[in-house]
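These notes are about the structure you will find just below.
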């Protein structure tokens, strides 16, 4: 994609369908006049009077306790510099989005039109009653230091300048673990810090809090080493001025144990690395390009421990590991500030988490057999679901122990469970899928690449490194559309099955198909004729190993695409019936629905098999399936054959697979409402568990439910995911969106990855 095309895509993303990235939604009923009278006049007077009596009641009756202001004056926005408050607003909205999806914290972004420190502070103080916390963002140094210091002194709510402390907290956690691996003492190591802005200063202060000695630290700015004989140093720079007679980064790096880069790309050379001490620790955090390239550093020193700010390398120092969870913990105990003890608690929690066994979901996301504490894993991954249950409690405890918590927590287990419940509504699973696919992209045939939306999806997966697309269809049409969307075709294979250029390949596929089916009425002529059809051709590409997976179904009815897949690819060993499952991104988390596309009225035996296959599909996502087999009845309340069919399937599964977490027959509300289920049917295997998979008695009920959830609740869907075929072939619903095609492509890639792993184990 060209630079101009990427620019347009970014602008459209922010502008459509609604400008911006966040909105306000009501949390109370508003259907009736009675509701409105409670929401506003006259009912609203009652909480107003209660707050007047005691200001602390504002946390009881309003959103203040879960509302953070992300505030900037636009003087130091990303790498764009001083671009003004209005121009900073997209960044602040983005920060708000991250707060919401990682920690379920609501945000108002506030852009303040002043560069005067006193005016800025006064503005924030005046609006502070609205908020439970203040996140300062993208404010230039040295003003940022003064602003944060005074606001922390003058306000009784948590205030944190994330540009300073976010990087400091994450890098400190990484440093503690790196030093442990290098078998070095933080009190003795020599540290070089390249950069003297807000982040660098804050990082160095936090390292000192953990034991680093000032005399062992050398800091550099754009003018070179910050020495005590330099003129006109700011108070922050003077704090780290060295008395050593050195002037350059080259000199500072001699025998250094640690390099921390928060400056600019490519300022560290291999020769500098070579003169560092044994087991050097290098945190090259300049973005997008680090102070030294990751691979170059590894090629230079095989004993190096390396971290960067980039997601495509191990050990990403990413602020999203910190600020959502720090504010979450601070808000939940109504802390009056974020102090050093709370920041250090976050560091220790992150450091400790990296040493614990990693959930399979995280391994799957990063394409690893088993992530373990070591040189390539010194801090947790941003997708780790344990972060919200570990970091906020640590921060909250530190707030309580340091005396800044107004509402202490007593039941920690209950608190952790409530934190995990906050994970439900976002699309982490989609991010996990795409990230997993990128670790080992596979060749995927797009059988309808001459359709614009299909081609757009192929472009996205190609440019994002999710898959290696093979474009099947009318070559002239594909090339014309590629020009229109600025899709560079130079490295992408385009195949037109009807063209003379593909005659040899087509005949090879036809002959292979004929030999397999010659006793089933297939002639060589009919085989060659049928290979002109793209779905048959695509299926043979996968069969012959010319591609790893295929995507089709965008412009054709589902049954017409299933037929060639069954004919050519066939079912896996031991499978008597194929099926599909859809994953719905609901407010309660991912929900698997089966069978949404294939089996019209499955028998009890078929239902049992569908349940088994769905269980395996869920595990492919790193999710432990908790499955309810739903019906219109509960546990034998109906003698109808439909209910009996479900009941018989459950009995078979309980008898044959006693460790499988499945039960039924159950009505859907009981399946999804754990409290109702526990109260009425405490004997159920699902009692006390959160159901994440629904198995339906027939295609009608499954498909209708999936479509209703998708349209009425705007739940994002992944699927239908084909289960039971011998090779990875996935069929889209008619008219699938670009995003749905991208997600299904990621599924196809992961399916191919999993099959490859299983084959290697044999």
Those residues that are in contact with a helix residue (DSSP H, G or I) (Cβ under 7 Å, 6 or more places away or on another chain) and in contact (Cβ under 8 Å) with a residue 60 or more places away in the chain, I need them from the stretch 1-43; list them, please. 1, 14, 20, 21, 22
In the stretch 536-563, anything assigned to a helix (DSSP H, G or I) and touching a strand residue (DSSP E or B) at 6+ places or on another chain (Cβ under 9 Å) is listed as 537, 538, 539, 541, 542, 558, 561, 562
Identify, by number, the condition in (1) modelled with pLDDT of 95 or more; (2) in a helix (DSSP H, G or I) that residue 193 doesn't meet. (2)
Considering every residue within the stretch 466-477, establish whether at least one is modelled with pLDDT under 95, at positive phi and outside any strand (DSSP E or B). yes
Here are some residues: 722, 744. Which one is surrounded by 22 or more Cβ atoms within 10 Å (Cβ to Cβ) and either at pLDDT 95 or above or not in a helix (DSSP H, G or I) (or both)? 722
Residue among 663, 659 that alone is closer than 15 Å to residue 607 by Cβ, in the same structural domain as residue 602 (by TED's automatic domain parsing), outside any helix (DSSP H, G or I) and modelled with pLDDT of 90 or more: 663
Determine which member of the set 632, 558, 554 is surrounded by fewer than 20 Cβ atoms within 10 Å (Cβ to Cβ), under 27 Å from residue 433 (Cβ atoms) and modelled with pLDDT under 95. 558
Just need a number here: residues in the stretch 76-86 that are out of contact with any strand residue (DSSP E or B) (no Cβ under 8 Å at 6 or more places or on another chain) and surrounded by 14 or more Cβ atoms within 10 Å (Cβ to Cβ). 4
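Residues are listed down the side, and each one gets a yes or a no for (1) assigned by TED's automatic domain parsing to the domain that holds residue 196; (2) crowded, with 24+ Cβ neighbours inside 10 Å; (3) in contact with a strand residue (DSSP E or B) (Cβ under 8 Å, 6 or more places away or on another chain):
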site	(1), (2), (3)
258	yes, yes, yes
265	yes, no, no
277	yes, no, no
293	yes, no, no
299	yes, no, no
307	yes, yes, yes
326	no, yes, yes
337	no, no, yes
Just need a number here: residues in the stretch 106-141 that are touching a residue at least 60 places away in the same chain (Cβ under 8 Å) and crowded, with 17+ Cβ neighbours inside 10 Å. 13
From 194, 202, grab the single residue that is farther than 12 Å from residue 71 by Cβ, crowded, with 24+ Cβ neighbours inside 10 Å, free of Cβ contacts under 8 Å to residues at least 60 places away in the same chain and under 32 Å from the mean Cα position of the chain (by Cα). 202
So residue 663 ticks every box in (1) surrounded by fewer than 15 Cβ atoms within 10 Å (Cβ to Cβ); (2) within 23 Å of residue 591 (Cα to Cα) but one. Which box is left unticked? (1)
So, residue 185, is that one touching a helix residue (DSSP H, G or I) at 6+ places or on another chain (Cβ under 9 Å), within 25 Å of residue 379 (Cβ to Cβ) and modelled with pLDDT under 95 or not? no
Answer with yes or no whether residue 485 is surrounded by fewer than 23 Cβ atoms within 10 Å (Cβ to Cβ) and in contact with a strand residue (DSSP E or B) (Cβ under 8 Å, 6 or more places away or on another chain). no
Within the stretch 446-457, which residues are surrounded by 21 or more Cβ atoms within 10 Å (Cβ to Cβ), outside any loop (DSSP other than H, G, I, E, B) and in contact (Cβ under 8 Å) with a residue 40 or more places away in the chain? 446, 454, 457
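Just checking: which of the strands (runs of 3 or more DSSP E) contained wholly in the stretch 568-643 hold 2 or more residues that are assigned by TED's automatic domain parsing to the domain that holds residue 718 and within 22 Å of the chain's Cα centre (by Cα)?
579-586, 589-594
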Residues to consider are 734, 708; find the one that is on the phi < 0 side of the Ramachandran plot, surrounded by fewer than 24 Cβ atoms within 10 Å (Cβ to Cβ) and part of a helix (DSSP H, G or I). 708
Is it the case that some residue within the stretch 62-74 is without any contact (Cβ under 8 Å) to a residue 12 or more places away in the chain and touching a helix residue (DSSP H, G or I) at 6+ places or on another chain (Cβ under 8 Å)? no
Of the residues in the stretch 136-166, those that are closer than 19 Å to residue 83 by Cα and outside any helix (DSSP H, G or I) come to 136, 137, 138, 139, 140, 141, 142, 161
Output yes when any residue across the stretch 684-698 is assigned to a helix (DSSP H, G or I) and modelled with pLDDT of 90 or more, and no when none is. no
Regarding residue 731, is this residue under 22 Å from residue 585 (Cβ atoms) and touching a helix residue (DSSP H, G or I) at 6+ places or on another chain (Cβ under 6 Å)? yes
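The values are calculated or read from the model by the stated rules, or taken from the named source; none is laboratory data. None of the values given here were measured: they were computed from a predicted structure. Every residue, glycine as well, gets a Cβ built from its backbone with ideal geometry; the counts of neighbours run over all protein chains shown.
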